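Quick notes on the structure that follows.
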Amino acid sequence: MVKNPSKILVATNHLDQIGGSEAYTYDLLKALKQIEGLQLEYFAFNRGLVSDKIESELQIPFMSNEKYDLIIANHRTSVFELYNKGKIIQVCHGIIPDLEQPSPLADYHIGISEEVSNHLTKLGYPNSVILNGVDVQQKISLSDPKNQIESVLSLCQSERANEILKKICNHKGWEFRSYNKLVNPTLDIEEHINKSDIVVGVGRSIYDAMACGRPCLIYDNRGYNGNKADGYLQPKNFWKYIRNNCSGRYLNRKYTEKDLIREFGKYNADHGKELRDIAVDNLNSNKMAVELLSMTKNFTIGNKLKKLLRYKDHGKLIKRVMLYKPLYELTGIPYFNKPSY
């Protein structure tokens, strides 16, 4: 049996707003904190809303050590900054954003979906799939969704999407509320989910809603992703849509107002409990934490050689690395501005 690393740093590009990777980081730290014998710290270039919550509620401090047994890093910028402080597992959350691209400096890679894993494999990076982890003890169903839709919560990050959803709700006589991390972020999203009958969004928004026992509609119109939808989430289809992180890229449909009305018509309050059960069994952040720790078994000689071979294809980056001094070493002041690697 591989012994768990004891001194662990969990890193991400930013924690000054709430979004998918920030929520992932918080829930991962909370899950790791429940494992006996671990010394935890966190890192982010930009600190604020979520890092304050990490420090006050979890009592986990900002990076202070020179070396760690294991670094679990979201985003390639974090890998670049921390490469010399310990073995690094990079967790990649997407295939499109620049921040989510794999760094050749990481020792191993994790994809949070089959789609991301395939992307990493095509780029030549050995990897494993570990699904998004959600704190299913904190995110629970406090009340059952109504038999018929009365309230809709949008977690879309597109005003275009919210405009059309609001129009539908006004026409149907449903209450409409929306939370956009860029406009009106909230740290306690489970409270708002529990006040709604159905949740609209993509990615982690769907997993939070599932954990709270809510039916879901997978749809958004984000700039980098476009108008993408998988539609109403039938529990039997979860394992199809999760392949693409419930991003809308599985069915890859472009929804109009008429399409959304049709999907709302598939609403079944009983699906909320089924989706909750799926989340508990498959999206539990406690299980995710244990799985991530077990990935140290992949720090093999074979993967070390593959890492060295990758350096040949990234000569300019490696040269920068050798000449680079992390900002914290140069200035001694906390990070509040991320570099553009």
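The values are calculated or read from the model by the stated rules, or taken from the named source; none is laboratory data. Everything numeric here is computed off the predicted structure, so don't read it as measured data. Using ideal geometry, Cβ is built from the backbone for each residue, glycine included, and neighbour counts are taken over all protein chains shown.
Okay, here's what the table says:
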{"item": "Residue in region 238-249 that is over 18 Å from the mean Cα position of the chain (by Cα) and either at pLDDT 95 or above or within 17 Å of Ile112 (Cα to Cα) (or both) present", "result": "yes"}
{"item": "Residue, surrounded by the most Cβ atoms within 10 Å (Cβ to Cβ), within region 173-196, restricted to residues that are free of Cβ contacts under 8 Å to residues at least 24 places away in the same chain and more than 16 Å from Glu22 (Cβ to Cβ)", "result": "Glu191"}
{"item": "Region 62-86: number of residues that are in a loop (DSSP other than H, G, I, E, B) and surrounded by fewer than 20 Cβ atoms within 10 Å (Cβ to Cβ)", "result": "6"}
{"item": "Single match in Ile168, Ile140 (criterion: among the hydrophobic types (A, V, I, L, M, F, W, C) and over 30 Å from Leu292 (Cβ atoms))", "result": "Ile168"}
{"item": "Residue list for region 28-44, restricted to those being in a helix (DSSP H, G or I) and either over 17 Å from His75 (Cα atoms) or not assigned by TED's automatic domain parsing to the domain that holds Leu15 (or both)", "result": "Lys30, Ala31, Leu32, Lys33"}
{"item": "Matching residues, region 224-238, being buried (at least 18 other Cβ atoms within 10 Å of the Cβ) and part of a loop (DSSP other than H, G, I, E, B)", "result": "Asn225, Leu233"}
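Listed here are the residues, each with its yes/no results for (1) among the acidic types (Asp, Glu); (2) modelled with pLDDT of 95 or more; (3) outside any helix (DSSP H, G or I); (4) over 18 Å from the mean Cα position of the chain (by Cα).
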{"residue": "Ala269", "(1), (2), (3), (4)": "no, yes, yes, yes"}
{"residue": "Glu274", "(1), (2), (3), (4)": "yes, yes, no, yes"}
{"residue": "Ala279", "(1), (2), (3), (4)": "no, yes, no, no"}
{"residue": "Asn286", "(1), (2), (3), (4)": "no, yes, no, no"}
{"residue": "Ala289", "(1), (2), (3), (4)": "no, yes, no, no"}
{"residue": "Leu292", "(1), (2), (3), (4)": "no, yes, no, no"}
{"residue": "Gly302", "(1), (2), (3), (4)": "no, no, no, yes"}
{"residue": "Lys307", "(1), (2), (3), (4)": "no, no, no, yes"}
{"residue": "Arg310", "(1), (2), (3), (4)": "no, no, no, yes"}
